[in-house]
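The values are calculated or read from the model by the stated rules, or taken from the named source; none is laboratory data. All of these numbers come straight from a predicted model, not from anything done at the bench. So basically every Cβ, Gly included, is an ideal-geometry build from the backbone, and we count neighbours across all protein chains shown.
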Amino acid sequence: MTQIKFLISIIFALELFGLPSPVLAQTNQTRKQIIVIDPGHGGTDSGAVGVNGSLEKDIVLKIAKEIVELNEITFKNHFEIYLTRYKDTLISLGDRTKLARTLKADLFLSLHCNYSDNPNARGVEVYVSKKQGKYSPESILLAYALQRDLKINLGFESRGVKFANFHVLRETVNELSAILLEMGFLSQEDENAFLKFKKNNSIMALLIIETIYKIRKQ
């Protein structure tokens, strides 16, 4: 059983027997905002393979874990954060979005790195669901804020906010805010060099959680 299915089964069991869930039983007054971070790919799906063999699945997982650590240490657990995977495993798209819905998350953030046959292609892209829903305005606001902050603070070119029919966006559009962030091109030498180093993973993670905090602070 995957980590996600195990967590979901625990939550459902607690509800079934009327027992308090540490996630779902919080009151509106004390409930922290729940964020599900989805490090794309994993396991047999490496995602993009960049210059010098860097793997998308590894980079996005490192950045996701850095966000969790920053939330705990720097932001004093302001958010309640879950990952769709904590190690190099392949999780289905359905299970990724099911986790967010089961946890009644406020935000779903899918992390990716880009790739192009054109070695000069560069910059950050942020996607929201092409299908419009209740939480589309919140998603679009955060998407624009992320591409702006990454451009201003890291110098990444902005490729804009785009609308797509990706499963992880389409299946969450009416239940929570959801965006998919392409954090640069592994096929571009400079961006690949930036993304593969741990210290830069920490910088990227800090900018992401800071932007989320600014947009979603209570």
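Does GLU72 satisfy the criteria of being among the charged types (D, E, K, R) and in a helix (DSSP H, G or I)? Please lay out each step first, then the result.
Numbers: among the charged types (D, E, K, R): yes; in a helix (DSSP H, G or I): yes.
Here the answer is yes, as GLU72 does meet what is asked.
Only one of the numbered conditions (1) farther than 18 Å from THR97 by Cβ; (2) surrounded by 15 or more Cβ atoms within 10 Å (Cβ to Cβ); (3) among the acidic types (Asp, Glu) is violated by GLU171, and that is (1). Remark: pairs (first residue in the stretch 132-156, within 18 Å of LYS214 (Cα to Cα); second residue part of a loop (DSSP other than H, G, I, E, B) and of a type outside the set (Asp, Glu); Cβ separation under 6 Å; 6+ apart in sequence or on different chains) = TYR135/LEU176; LEU150/PHE156. Here the condition is being surrounded by fewer than 23 Cβ atoms within 10 Å (Cβ to Cβ), under 24 Å from LEU83 (Cα atoms) and polar (S, T, N, Q); of SER116, SER136, SER158, it holds for SER136 alone.
Mind telling me which of the residues LYS199, LYS151, LYS217 ends up being surrounded by fewer than 16 Cβ atoms within 10 Å (Cβ to Cβ) and in contact with a His (Cβ under 9 Å, 6 or more places away or on another chain)? Outline the logic, then answer.
On the way: LYS199 fails: in contact with a His (Cβ under 9 Å, 6 or more places away or on another chain); LYS151 fails: in contact with a His (Cβ under 9 Å, 6 or more places away or on another chain).
Every option except LYS217 fails the conditions.
Note on the stretch 60-86: among residues that are touching a residue at least 60 places away in the same chain (Cβ under 8 Å) and in contact with a Gly (Cβ under 8 Å, 6 or more places away or on another chain), the one that is farthest from PRO119 (Cα to Cα) is ARG85. Restricting GLU15, GLU72 to those that are modelled with pLDDT of 55 or more and charged (D, E, K, R) reduces the list to GLU72. Note on the stretch 174-196: residues that are closer than 17 Å to GLY53 by Cβ, crowded, with 23+ Cβ neighbours inside 10 Å and either free of Cβ contacts under 8 Å to residues at least 40 places away in the same chain or of a type in the set (Gly, Ala, Ser) (or both) amount to 1. Exactly one residue out of SER202, SER177, SER136, SER158 is touching a Gly at 6+ places or on another chain (Cβ under 7 Å) and of a type outside the set (Val, Ile, Thr), and it is SER158.
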